[in-house]
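Just below is one structure, and these are the notes that go with it.
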Amino acid sequence: MDKIAVISDIHGNLPALEAVLEDIAERGAETVYCLGDLIGKGPSGDKAIDLVRRRCAAVIRGNWDDFVSREAEAESEVLRWHQSVIGEERMDWLRSLPFVIEFVLSGRLVRLFHASPRSVCERIQPWDGQNRRMSLFEPPPHGGMNVPADIAGYGDIHNAYVQHLDGRTLFNAGSVGNPLDLPNASYVLLEGKFGSEAPAPWSIRLVRVPYDIGRAIREAKAAGMPNLAEYGRELRTARYRHASG
Ligand SMILES: [Fe+2]
């Protein structure tokens, strides 16, 4: 049985990323995929990128990776702060990231994207109407296979869940570094026969990992990060005062 870990929305939170990668290694998952939003919000976008590049077999682009690396002369002071932490070489790498990851697991086509098969910014929640959720199985208009996914997985909303809809499986990996459901880092573990077209047993599991939130806040303070109070509140309560993923 092959084990594939899916992580997403790290948002520059190094203690959370390290805790998740340690748990993934302990469970013996060989392959780690990352669904984007490596940066923004937290202080360690540079280190998060470096660690993800070392450990992940594939990485796709999120909305924060997109706008932080594309905004040439950012007006917002917060955005400029994050850009200066990340630096040019890493921003080039963010701009080069693909949009989808696809593979076959125990005879099922798995498609992973950041927010939807259409855009890094289209936000779909587990409580949205069935048509909206079903649209997440559709083929992506730009790249990827031209067939619906059997298993579709995404990040972006920072709310982990699994649903079976009309014979297909939809999941959200939740957020490693800025969850909005529980103040524990989140990821998904898939098990099955990787690359095999023949139907075979497979499983999906939502995993939660406690991590040192105090350290995450101390690192943000030491780095002189803007919006520190708000950030600390988000990590401790798993809630935003304003909606922004
Ligand atoms: Fe995010």
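Being within 16 Å of the ligand (Cβ to nearest atom), small (Gly, Ala, Ser) and either touching a Ser or Thr at 6+ places or on another chain (Cβ under 8 Å) or outside any helix (DSSP H, G or I) (or both) is the requirement here; does Gly40 meet it?
yes
From the list Lys221, Lys193, which residue is within 19 Å of Ser44 (Cβ to Cβ) and of a type in the set (D, E, K, R)?
Numbers: Lys193 fails: within 19 Å of Ser44 (Cβ to Cβ).
Only one candidate qualifies: Lys221.
Considering segment 69-101 alone, what residues qualify as being in contact (Cβ under 8 Å) with a residue 24 or more places away in the chain, within 16 Å of the ligand (Cβ to nearest atom) and among the aliphatic types (A, V, I, L, M)?
Val78, Ile86, Leu94, Leu97
Hey, could you check segment 201-241 for residues that are in contact (Cβ under 8 Å) with a residue 24 or more places away in the chain and β-branched (Val, Ile, Thr) and say which is most open to solvent (accessible area, probe 1.4 Å)?
Thr237
Tell me, which residue of segment 14-37 that is within 12 Å of the chain's Cα centre (by Cα) and of a type outside the set (A, V, I, L, M) is nearest to the ligand (Cβ to nearest atom)?
Ranking the candidates gives Asp37 first.
In the list Asp46, Asp66, Asp50, which residue meets the criterion of being within 16 Å of the ligand (Cβ to nearest atom), free of Cβ contacts under 8 Å to residues at least 60 places away in the same chain, in a helix (DSSP H, G or I) and not β-branched (Val, Ile, Thr)?
Working: Asp46 fails: within 16 Å of the ligand (Cβ to nearest atom); Asp50 fails: within 16 Å of the ligand (Cβ to nearest atom).
So the residue among Asp46, Asp66, Asp50 that is within 16 Å of the ligand (Cβ to nearest atom), free of Cβ contacts under 8 Å to residues at least 60 places away in the same chain, in a helix (DSSP H, G or I) and not β-branched (Val, Ile, Thr) is Asp66.
Scan segment 102-111 and tell me whether some residue there is within 16 Å of the ligand (Cβ to nearest atom), out of contact with any Asp or Glu (no Cβ under 8 Å at 6 or more places or on another chain) and among the polar types (S, T, N, Q).
As a first pass, look at segment 102-111 and keep what is within 16 Å of the ligand (Cβ to nearest atom): none.
Scanning segment 102-111 turns up no residue that is within 16 Å of the ligand (Cβ to nearest atom), out of contact with any Asp or Glu (no Cβ under 8 Å at 6 or more places or on another chain) and among the polar types (S, T, N, Q).
When residues of segment 24-58 are filtered for being open to solvent by 10 Å² or more (accessible area, probe 1.4 Å) and touching a Phe, Trp or Tyr at 6+ places or on another chain (Cβ under 8 Å), how many remain?
The qualifying residues number 6.
Taking only pairs six or more apart or across chains, which ones have beta-carbon atoms under 7 Å, a first residue in segment 9-20 that is part of a helix (DSSP H, G or I) and surrounded by fewer than 24 Cβ atoms within 10 Å (Cβ to Cβ), and a second residue that is at pLDDT 95 or above and among the aromatic types (Phe, Trp, Tyr)?
Taking only residues 6 or more apart or on different chains, the pairs are Pro15/Tyr211; Ala19/Tyr211.
Under 6 Å between Cβ atoms, which residue pairs at least 6 apart in sequence (or on different chains) link something in segment 165-189 that is hydroxyl-bearing (Ser, Thr, Tyr) with a partner that is open to solvent by 10 Å² or more (accessible area, probe 1.4 Å) and modelled with pLDDT of 95 or more?
Hits for this filter: Ser186/Ala160; Ser186/Arg208.
Name every residue in segment 75-133 that is open to solvent by less than 10 Å² (accessible area, probe 1.4 Å) and part of a strand (DSSP E or B), in order of residue number.
Correct list: Leu105, Val110, Arg111, Leu112.
Collect the residues in segment 91-110 that are acidic (Asp, Glu) and more than 25 Å from Ser44 (Cβ to Cβ), keeping them in residue-number order.
Filtering segment 91-110 down to residues acidic (Asp, Glu) leaves 92, 102.
Within segment 91-110, Glu102 is the sole residue that qualifies.
Residues checked against (1) touching a His at 6+ places or on another chain (Cβ under 8 Å); (2) closer than 21 Å to Pro183 by Cβ:
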residue: Ile10; (1), (2): no, yes
residue: Asn13; (1), (2): no, yes
residue: Glu22; (1), (2): no, yes
residue: Tyr33; (1), (2): no, no
residue: Lys41; (1), (2): yes, yes
residue: Val52; (1), (2): no, no
residue: Ala72; (1), (2): no, no
residue: Trp81; (1), (2): no, no
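Which condition number does Phe67 fail, the rest of (1) at pLDDT below 95; (2) open to solvent by less than 40 Å² (accessible area, probe 1.4 Å) being met?
(2)
The values are calculated or read from the model by the stated rules, or taken from the named source; none is laboratory data. None of these values were measured; they are calculated from a predicted model. Neighbour counts are summed over all protein chains in view; Cβ atoms, including those assigned to glycine, are modelled from backbone coordinates with ideal geometry. Quick note on the areas: whole protein, heavy atoms, side chains included, nothing else; ligands and nucleic acids left out. Shrake-Rupley method; radii C 1.70, N 1.55, O 1.52, S 1.80 Å.
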